[in-house]
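The values are calculated or read from the model by the stated rules, or taken from the named source; none is laboratory data. None of the values given here were measured: they were computed from a predicted structure. Quick reminder, even Gly has a Cβ in these numbers, built from the backbone with ideal geometry, and neighbours come from all protein chains shown. Heads up: the accessible areas ignore ligands, DNA and RNA and are worked out on the full protein's heavy atoms, side chains in. Shrake-Rupley method; radii C 1.70, N 1.55, O 1.52, S 1.80 Å.
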Amino acid sequence: TLRDARHWRGLSYEVYTGRGWSLSDEREEQVSAGEPLLLAQAESQMQIRQTVHWRYDNRSTRYTLGFPLLLDHPVTAYWRDRTDLVRVTALRQNQYELLSRHSAATAQELRTATLDSVHPAIKRRYLRLPATLPQRVRDLAQEVAGSQPTPYDQALALERFLRQYAYSLEVPFPPEGADVVDFFLFDLQQGYCDYYASAMVVMARSLGLPARLASGFLAQEADEEGVQTIRQINGHAWAEVYFEPYGWVEFEPTAAFTSPHAPRLEEETGAFVPQLPEAAPE
């Protein structure tokens with residue numbers, strides 16, 4: 001449903017360095033007004049029409065609910081390969097219209113997805129982890145979700161586990177040389193969206209689930225006319241996990257915000273949630 005479109009998506013990051021995220025080389029393509037973007041095929045998608053008004057900075061990035069299908073003005077699309085869209089930019093203008101798509105796959109559908117059916121190119125790109133990743137991160141992911149029966153249930157278990165961590169904007173930087181995710185999970189044990197999303201993506205990859213970090217803005221409650229007001233403070237990051245043949249699905253591991261999978265977390269994954277690891281003394 002439209003309620004599950006909880007993020008205005010700007011771009012995704014795929015390279016985890018241990019200290020943060022970076023982008024690999026991209027293919028740049030000029031796309032005419034009204035020309036469809038050739039996204040990878042995916043089942044159980046809904047389409048959403050949007051009109052966007054920029055009040056202030058009129059930035060070039062095109063933020064969309066889900067993935068853009070076509071826009072009413074010329075844009076530049078950036079791809080990781082032929083159909084793996086990274087982001088879309090355009091000349092600054094204060095109003096534009098677009099059509100996007102967003103996953104409408106049900107829990108039952110997502111539970112039919114298997115890792116064996118994922119294309120090798122997606123696995124190569126979205127399972128990469130640095131050799132320096134501490135083993136205890138992999139061990140924790142296995143403890144939290146390794147026994148779950150399907151990739152989707154594993155992702156749900158990771159999301160639910162991470163939502164136990166305290167949300168805070170007032171946190172110190174990781175020590176020099178520390179792995180960011182390891183520091184968040186075992187030492188800091190509090191943080192904001194970048195920490196949560198990074199932890200979920202890294203833990204998912206360690207279990208063989210193709211995953212990446214996406215960034216943009218949190219969707220807001222619409223008024224009676226269906227208008228959302230998005231402010232800079234709504235900037236956000238979240239996790240995306242790939243399920244064949246349904247494509248990329250959003251997850252919200254950050255404790256302060258509602259997950260599109262919230263009812264499933266409570267009703268379908270059981271009551272057991274592994275406890276947080278014991279934090280190191282300060």
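One table, with the values for the structure above:
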read-out	value
Length added when fully stretched, ASN58-LYS123, from 0.36 nm per residue minus Cα-Cα	19.8 nm
Part-to-part distance (alpha-carbon centres) for segment 80-154 and segment 1-59, which is given in Å	14
Label point distance in nm, THR89-LEU38, each placed 7 Å from Cα along Cα→Cβ	2.3
With 10 Å bins from 0: P(r) over segment 17-82, alpha-carbon pairs, percent	15, 43, 33, 9
For segment 173-248: accessible area per residue (Å², 1.4 Å)	38
The chain - convex hull of the alpha-carbon atoms, volume per residue in Å³	137
Label-point separation, THR258 to GLN275 (7 Å along Cα→Cβ), nm	3.1
Distance between modelled label sites at ILE233 and ILE48, nm, 7 Å Cα→Cβ extension	2.2
Rounded percent of accessible protein surface that carbon and sulfur make up, segment 5-145, 1.4 Å probe	48
Net charge of neighbours whose Cβ lies under 9 Å from the Cβ of PHE251, counting Lys and Arg as +1 and Asp and Glu as -1	-4
